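Working notes, beginning with the structure itself.
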Amino acid sequence: MGPTSALAGRRVLLGVTGGIAAYKACLLVRLLTRAGAEVQAVLTRSATRFVGADTFSGLTGRRALVDLWDSAGTVPHIRLAHEADVAVVAPLTANVLAKLANGIADDLLTATLLEIRCPLVIAPAMHTGMWEHAATRANLDTLARRGAILVPPAEGSLAAGDEGVGRLAEPEDILAAVERVARDRPGDLVGVRIVVTAGPTWEPIDPVRFIGNRSSGRMGLAVAAEAHRRGGDVTLILGPGTLEPPAGPRVLRVETAEEMRAAVVDAARDARAVVMAAAVADFRPEHVEASKVKKETGPPDVKLVPTTDILAELGADGSGRVLIGFAAETSPDLVSIGRAKLEAKRLDLVVVNEVGREGTGFGSQTNVAAIVAADGRDVPLRSWDKAELAGVVVDRLVELIRR
């Protein structure tokens, strides 16, 4: 284990179901985090009768979730499913095993596991009679055909003083299975060079003042983090702001639109894809004063001139790289605006998001956005968590590269 573990930087969804063996899941969390994994625990209601959710929150550093409506006004199972690199359920009861085999999604954990795209590791724990029952064997066969990786139970002491097969495998054995899965699935962007831009640009009027915008860079940072998590060789070109960039991507800091253009054009030369999530200024002052303009002299006469459209320049060079743009708009006709920009700049994808009101756009944790695609596979306007939207954008990026 340690920094060379296949789990370093990977996101592990840990499902915990209701059984006395739930305490061993705490030990598993310790092993996963020591291996460098980021663990998100999701518990069934029955699991909390054995180990409290606060225990897992403390061990993982992330709030453990129990209820399908834990996040006010949102349904978190989509985000949880799309963020995970590996999912593991330990312990897995006979009841939840049956639900998974039959596609029943009546709580947060089962709804999340029905949505996951990542590998699933299952570690059952139950009494011997339940383990050997024909229904359980059939359910296990069903999950195996779907690709689930089984860590079988061991023989030992069970509930009611019995002995037999059904005791949860040791946490070290479950960890080894999760590591094997992570090693076999290194990520769908391994070795792919990607340029991501984030944040605003500041166009100086004088050494003190500038023209800027309200972008925090949060959306671009989420895209860069997601692409890196999936193995991409990511260069993040970051405008000025207060948010810290994610660990992993190569970070180039810029301030003005021209600095961003120069950095993007240089980095894009050997990149397979460019994602322009930055809010680059459309105009800049034609003349920058050498010293601070004093209030006493009156307001400066600022003449604005257009900046270079970086995406349009890249779209015209015929390189064949994947180009994805973001458009912040206040108009109600977002999709038509996005389509026009996609065609004019020769892009593969445009994410057009609403700004100018609370709960969407600059500085917010969420975006009201639509995805407009050159291949016609648009996604209608809806509200997204920015991490969730980043996951979908990177999914589409992978598809475009594979074509």
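Laboratory data are not the source of any read-out in this text; all were calculated from the coordinates shown. Please read all numbers here as calculations on a predicted model, not as lab measurements. So basically every Cβ, Gly included, is an ideal-geometry build from the backbone, and we count neighbours across all protein chains shown.
For the range 65-185, rounded, prolate or oblate, judged on the Cα gyration tensor with a ≥ b ≥ c (square roots of eigenvalues), a/c < 1.5 rounded, else prolate if a/b > b/c?
On the way: a/c = 1.83, a/b = 1.48, b/c = 1.24.
Prolate shape, in that a/c is at least 1.5 and a/b is the bigger ratio.
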Compute the FRET efficiency between residue 45 and residue 244 as 1/(1 + (r/R0)^6), taking r as their Cβ-Cβ distance and R0 = 35 Å, and round to the nearest 0.05.
-> 0.45
Among 382, 272, what is the fewest-to-most ranking by other Cβ atoms within 10 Å?
-> 382, 272
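Report the charge-dipole magnitude of the range 11-184 in Debye, nearest 20, computed about the Cα centre from +1 at each Lys and Arg Cβ and -1 at each Asp and Glu Cβ. Please report the intermediate quantities before stating the final value.
Values: 17 positive and 19 negative charges, 61 e Å.
In total the dipole reaches around 300 debye.
I'd like the FRET efficiency for residue 30 and residue 128, computed as 1/(1 + (r/R0)^6) with the beta carbon distance as r and R0 of 35 Å, rounded to 0.05. It would help to have the intermediate numbers written out before the result.
On the way: r = 28 Å, r/R0 = 0.81.
Rounded to the nearest 0.05, the efficiency is 0.80.
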Two pseudo-spin positions, 7 Å from Cα along C-beta at residue 251 and at residue 159, lie apart in nanometres by 4.9 nm
Hey, can you rank 236-245, 302-311 by average C-beta count inside 10 Å, highest first?
-> 236-245, 302-311
DSSP-defined beta bridges in the chain - what % are antiparallel, rounded to 5 = 30 percent
How about the range 15-115: which chymotrypsin sites (Phe, Trp or Tyr not before Pro) there are in a DSSP loop, with at most 12 other Cβ atoms within 10 Å of their Cβ?
-> 69
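Where both partners of a DSSP beta bridge lie in the range 11-184, what percent of those bridges are antiparallel, to the nearest 5?
On the way: 4 of 21 bridges.
Taking every DSSP beta bridge within the range 11-184, about 20 percent pair in antiparallel fashion.
Starting from 0.36 nm per residue, how many nanometres of slack lie between residue 283 and residue 145 once their C-alpha separation is accounted for?
Values: separation 138, 0.36 × 138 = 49.68 nm, distance 5.71 nm.
Extra length available between residue 283 and residue 145 comes to 44.0 nm.
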Of 318, 336, 225, whose Cα points farthest to the positive end of the dipole of the range 193-402 (charges on the beta-carbon: +1 Lys, Arg; -1 Asp, Glu; origin at the Cα centre)?
-> 225
For the range 96-252, with the dipole built from +1 on Lys and Arg beta-carbon atoms and -1 on Asp and Glu ones, taken about the Cα centre, which of 102, 124, 246 lies farthest toward the positive end?
-> 246
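Applying 1/(1 + (r/R0)^6) with R0 = 51 Å to the Cβ-Cβ distance of residue 331 and residue 170, what FRET efficiency is obtained, to the nearest 0.05?
On the way: r = 59 Å, r/R0 = 1.15.
For residue 331 and residue 170, the calculated efficiency is 0.30.
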Label assignment, Kirkwood radius over Cα pairs in Å derived from the structure, set (1) 21.1; (2) 23.3; (3) 21.8 | (2)
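Could you give the length gained on full extension between residue 308 and residue 23, defined as 0.36 nm per residue of separation minus the Cα-Cα distance, in nm?
Numbers: separation 285, 0.36 × 285 = 102.60 nm, distance 5.85 nm.
Length difference between fully extended and current span is 96.8 nm.
Using the 10 angstrom Cβ neighbour count as an exposure proxy, how do 106, 188, 67 rank, fewest first?
On the way: 106 9, 188 16, 67 12.
Fewest-to-most Cβ neighbours within 10 Å comes out as 106, 67, 188.
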Distance in nm between pseudo-label sites at residue 301 and residue 262 (7 Å out along the Cβ direction from Cα) | 2.9 nm
Check: the range 315-403 dipole with +1 on Lys, Arg Cβ and -1 on Asp, Glu Cβ, in debye | 240 debye
Rounded, prolate or oblate: which fits the range 193-402, taking a ≥ b ≥ c as square roots of the Cα gyration tensor eigenvalues, rounded meaning a/c under 1.5, else prolate when a/b beats b/c?
-> prolate
Can you tell me how much longer the chain between residue 317 and residue 291 gets when fully stretched, taken as 0.36 nm per residue apart minus their C-alpha distance, in nm with one decimal?
-> 5.5 nm
Cα-centre dipole for the chain with unit charges at Cβ (Lys and Arg positive, Asp and Glu negative), debye to 20 = 240 debye
Taking the alpha-carbon centre of each part, the distance from the range 107-180 to the range 30-91 in Å is 18 Å
From the cross-link list 303/345; 295/345; 24/99; 292/341, which pairs have alpha carbons spaced over 32 Å apart?
-> 295/345; 292/341
For the range 53-122, what's the radius of gyration and Dmax over Cα atoms, in angstrom?
-> 12.1, 33
Backbone N within the range 13-52 under 14 Å of label point (7 Å from residue 62 Cα along the Cβ vector) | 13-16, 29-30, 32-34, 36-43
